[in-house]
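Chemist: Before I ask anything, let me first share the structure, which is written out below as structure tokens.
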Amino acid sequence: MKIDDIDAFVEVIRCQSISHAAESLQLTQPAITRRVQNFEQALGVELFDRNTKPLKPTLIGTRVYEQCRLILREMDALRELVATDAPPTGVLRLGVPQTIGDVVLLDALKHLRTEYADLRAQVATGWGSQLVGKIERGELDAAVALFPAGKIFPDNVVGESIGKMELVVVCAKAQLPKKPCKLADVYQNGWILNPDGCGFRAGLQRTLSDQGLALRVNLETFGTELQLGLVADGLGLGLVPRPLLERSAQREHLAVMPLKDFKPVMDLWLIYPHFLGNLQGPVDAFGQWVAASLHKVREVA
């Protein structure tokens, strides 16, 4: 019974596909099939119902899968035990939200290159839920993401809150109400938001729904600066992190909507798998530099 066979078995169940498992492990499909068959022969049981599509585990296969996850976790712990003291080298796979990547990355990557010269950063962007999924699947070593305080992460993902980020509703200066108001007073103006999948948009939609109000999207587009430009032109309301508003070229043409019943604050989370070995130091430092970058933006503003 080999660890490689266990790894292949777990990946096939996770991906529900031999081809996707092969791609994930960078092996051929025949190699994955052979490893799974070797594992079944070693145990003397059939682990998959091969008459189903997508491929599904048998009842005993599901129980074996749960045990194998524990075994692989312990193997990770063992590797970490012997690897922690070695200097970090190779690739550090990082993830950042699309919304704040242009604000936090430049300084953080510069510090990483200076402090860890033998590490090469590889960066992916995505929504918070996508980044968590990539951590779960072992596709990233760490990520920063925006979630509400008290966010509960999957068992194999560690989450550390490293800062707070205020979100603000913005409008064109000419559209600013003369006195504080509520969402119900302005929601019909419509919104300029990120496409579906954005946590900011989902939070706004929940708040509106709780009040029996509909989310009216005038325009959806990626890019905070583009959104703020459209808001400044009077095409709708925007919802952005305050640090991004403060550094925007559109800042002088915008105003923060004084809403009495909607003042969202998100936590900035550093997320990573339980066992990082000698990458733990660089990951912790990356989180600190990202938090410092956001603080720096507020100070400059």
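The values are calculated or read from the model by the stated rules, or taken from the named source; none is laboratory data. Model, not experiment: these values are computed from the prediction. Backbone-built Cβ (ideal geometry, glycine too); neighbour counts: all protein chains shown.
Chemist: What are the residue pairs meeting all of these: first residue in the stretch 239-263, first residue under 22 Å from Val217 (Cβ atoms), second residue crowded, with 21+ Cβ neighbours inside 10 Å and among the small types (Gly, Ala, Ser), Cβ atoms under 6 Å, and 6 or more apart or on different chains?
Modeler: Gln250/Ala232; His253/Ala232; Leu254/Ala232
Chemist: Under 7 Å by Cβ, and 6 or more places apart or on different chains, what pairs join a residue from the stretch 1-18 that is within 12 Å of Asn38 (Cβ to Cβ) with one that is of a type in the set (D, E, K, R) and crowded, with 19+ Cβ neighbours inside 10 Å?
Modeler: What qualifies is Asp4/Arg35; Asp5/Arg35; Ala8/Arg35.
Chemist: A further question follows. Kindly indicate which of Ala77, Ala86 is modelled with pLDDT under 90, hydrophobic (A, V, I, L, M, F, W, C), part of a loop (DSSP other than H, G, I, E, B) and surrounded by fewer than 18 Cβ atoms within 10 Å (Cβ to Cβ).
Modeler: Ala86
Chemist: Scan the stretch 72-87 and tell me whether some residue there is of a type in the set (Ser, Thr, Tyr) and touching an Asp or Glu at 6+ places or on another chain (Cβ under 8 Å). I'd like the intermediate steps shown before the answer.
Modeler: Filtering the stretch 72-87 for residues of a type in the set (Ser, Thr, Tyr) gives 84.
Okay, now just the ones that are also touching an Asp or Glu at 6+ places or on another chain (Cβ under 8 Å), so none.
Checked the stretch 72-87: no residue is of a type in the set (Ser, Thr, Tyr) and touching an Asp or Glu at 6+ places or on another chain (Cβ under 8 Å).
Chemist: Of all residues being touching a Leu at 6+ places or on another chain (Cβ under 7 Å) and aliphatic (A, V, I, L, M) in the stretch 272-283, which is surrounded by the most Cβ atoms within 10 Å (Cβ to Cβ)? Just the residue, please.
Modeler: Here is the first cut: in the stretch 272-283, the ones touching a Leu at 6+ places or on another chain (Cβ under 7 Å) are 279, 282-283.
Within this subset, residues satisfying the condition of being aliphatic (A, V, I, L, M) are 279, 283.
Details: Leu279: 25, Val283: 22.
Checked the stretch 272-283; the qualifying residue surrounded by the most Cβ atoms within 10 Å (Cβ to Cβ) is Leu279.
Chemist: Kindly indicate which of Pro177, Pro154, Pro148 is surrounded by fewer than 18 Cβ atoms within 10 Å (Cβ to Cβ), touching a helix residue (DSSP H, G or I) at 6+ places or on another chain (Cβ under 9 Å), assigned by TED's automatic domain parsing to the domain that holds Asn278 and over 21 Å from Gln280 (Cβ atoms).
Modeler: On the way: Pro177 fails: assigned by TED's automatic domain parsing to the domain that holds Asn278; Pro154 fails: over 21 Å from Gln280 (Cβ atoms).
So the residue among Pro177, Pro154, Pro148 that is surrounded by fewer than 18 Cβ atoms within 10 Å (Cβ to Cβ), touching a helix residue (DSSP H, G or I) at 6+ places or on another chain (Cβ under 9 Å), assigned by TED's automatic domain parsing to the domain that holds Asn278 and over 21 Å from Gln280 (Cβ atoms) is Pro148.
Chemist: Moving to a separate point now. Condition check: within 32 Å of the chain's Cα centre (by Cα) and modelled with pLDDT of 90 or more. Does Phe39 satisfy that?
Modeler: Details: within 32 Å of the chain's Cα centre (by Cα): no; modelled with pLDDT of 90 or more: yes.
Answer is no for this residue.
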